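Structure, as structure tokens:
The values are calculated or read from the model by the stated rules, or taken from the named source; none is laboratory data. Keep in mind that this is a model prediction, so the values were computed, not measured. Every residue, glycine as well, gets a Cβ built from its backbone with ideal geometry; the counts of neighbours run over all protein chains shown. Accessible surface is based on the protein model in full, side chains and every heavy atom, while ligands, DNA and RNA are left aside. Shrake-Rupley method; radii C 1.70, N 1.55, O 1.52, S 1.80 Å.
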Amino acid sequence: MAERLTAADLDVLRLGEGPPVVLVHGSIVEARRTWRHQLVLAEHWSLCLPNRPGFAGSPPLERGDFEAEAPLIAELLGDGAHLVGHSYGAVIALLAAAQRPEAVRSLTVSEPGSLRVAAGDPLVDATIAQGEELYRHRAEIPPEDFLRLFRSGLHSAHETPEVLPEWLERGARHVMEERPPWEADIPLDRLAATTFPKLVISGDHSPAFERVCDVLAERLGARRGVIQGRGHTIPATGPPYNECLHAFLTACSQGTPSHPG
């Protein structure tokens, strides 16, 4: 177990040539599985797909923690890169962008778990309460049952088999101990003051996540996209997500970011 990781310690998949794009995966599933439909973007972009601590070949922290992981992603931005995050990875991406805004060419997040940005909304508050209740009882729940409950709460499109393969059981145990993403304090004012383009994407499956993404986009001055078809698992839509992301990144690289449509 590693307590002081650097970006150099992470297991990172690098593909393609072109402007650099760092993609940060969420909970349970490692980078290649999360972004498998996005690998074709390497035809146009230099993709950097880090495995978060505890995933694939990356050494673990004591527990998954967005606060501890954000500096690693910020370091991976190098001299400048587009930054993309999904779910828990979107929380990490928001924090990393705030830490090194000078290195961010654009920021794209899909359904970050930072639910407290919309605290006060009854549906969002209820979703947080359900998540906290699940985590209060996690010691009593087998990993496969916890995973099904967790994915059900997110409206994940991933299927959970009766018997978990080793890699999925490891992901389930990781998320059971992970610091809940709704505890994140997103520096909205600091991010809003930055000049890089921003895009917030939702999956049109959960009123609570729609509200979170609406508030986030409004507070950050971000463009707003909706991609239906795979619930919370938005990158798994494949072409629709890729077309949206490619168009946004291309426009950002040309200095004329367009509405994602």
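Along Cα→Cβ, 7 Å out, is where each label goes; now give me the distance between the ones at residue 102 and residue 132 in nm to one decimal.
3.9 nm
Just in the stretch 1-33: which trypsin sites (Lys or Arg not before Pro) are loop by DSSP and have at most 14 other Cβ atoms within 10 Å?
4
Provide, in order from the shortest bin, the percent of all Cα-Cα pairs of the stretch 1-49 in each 10 Å bin, continuing until the bin that contains the maximum pair distance.
So the P(r) values, bin by bin, are 25, 49, 22, 4.
In deg cm²/dmol, rounded to 500, what helix-only [θ] at 222 nm does the chain give when every DSSP H run of at least 4 residues adds -39500 (n - 2.57) and the total is split over its residues?
It lands at -11500 deg cm²/dmol.
With a 1.4 Å probe and all protein chains kept in place, how much accessible area does residue 127 have, in Å² rounded to the nearest 10?
My reading of the accessible area for residue 127 is about 40 Å².
What GluC sites (Glu not before Pro) does the stretch 91-200 have in DSSP loop regions with at most 11 other beta carbons within 10 Å?
Hits after loop and neighbour filter: 159, 162.
Considering every Cα-Cα pair within the stretch 94-248, what fraction, in whole percent, is farther apart than 20 Å?
The answer is 55 percent, as a whole percent.
Based on Cβ point charges of +1 for Lys and Arg and -1 for Asp and Glu, what charge dipole magnitude is obtained for the chain about its Cα centre, in debye rounded to the nearest 20?
540 debye
Consider all pairwise Cα distances in the stretch 205-259 and report the whole-number % of them above 16 Å.
Looking at the stretch 205-259, the distances longer than 16 Å represent 51 percent of pairs.
Run through all the Cα pairs of the stretch 95-171 and give the fraction in each 10 Å bin from 0, expressed as whole percent.
Calculated P(r), rounded to whole percents: 15, 34, 31, 19, 2.
Considering only protein heavy atoms, what per residue accessible area in square angstrom results for the chain with a 1.4 angstrom probe?
43 Å²
Could you work out the percent of alpha carbon pairs in the chain separated by over 33 Å, rounded to a whole number?
Above the 33 Å cut-off, the chain has 12 percent of its Cα pairs.
Along the charge dipole of the stretch 1-154, which of 58, 93, 38 sits closest to the positive end, that is, farthest toward it, with unit charges on the beta carbon of Lys, Arg, Asp and Glu (+1, +1, -1, -1)?
38
Report ³J(HN,Hα) in whole Hz for each residue of the stretch 61-67, in order, from the Karplus equation J = 6.51 cos²θ - 1.76 cosθ + 1.60 where θ = phi - 60°; Gly and Pro get x.
8, 4, 7, x, 7, 4, 5
Go ahead and collect, in residue order, the members of the stretch 38-68 whose backbone nitrogen is under 14 Å from a label point 7 Å along the Cα-Cβ direction of residue 4.
Backbone N within reach: none found.
Using a 1.4 angstrom probe on the protein heavy atoms only, could you order 86, 137 from most to least accessible area?
137, 86
With the Cα gyration tensor of the stretch 32-102 in hand, convert its eigenvalues to equivalent ellipsoid semi-axes via √(5λ) and list them largest first in whole Å.
Whole-Å semi-axes of the equivalent ellipsoid: 19, 17, 10.
For the chain, with a Gaussian network of springs between Cα atoms less than 10 Å apart, report the residue from 19, 101, 161 with the top mean-square fluctuation.
161
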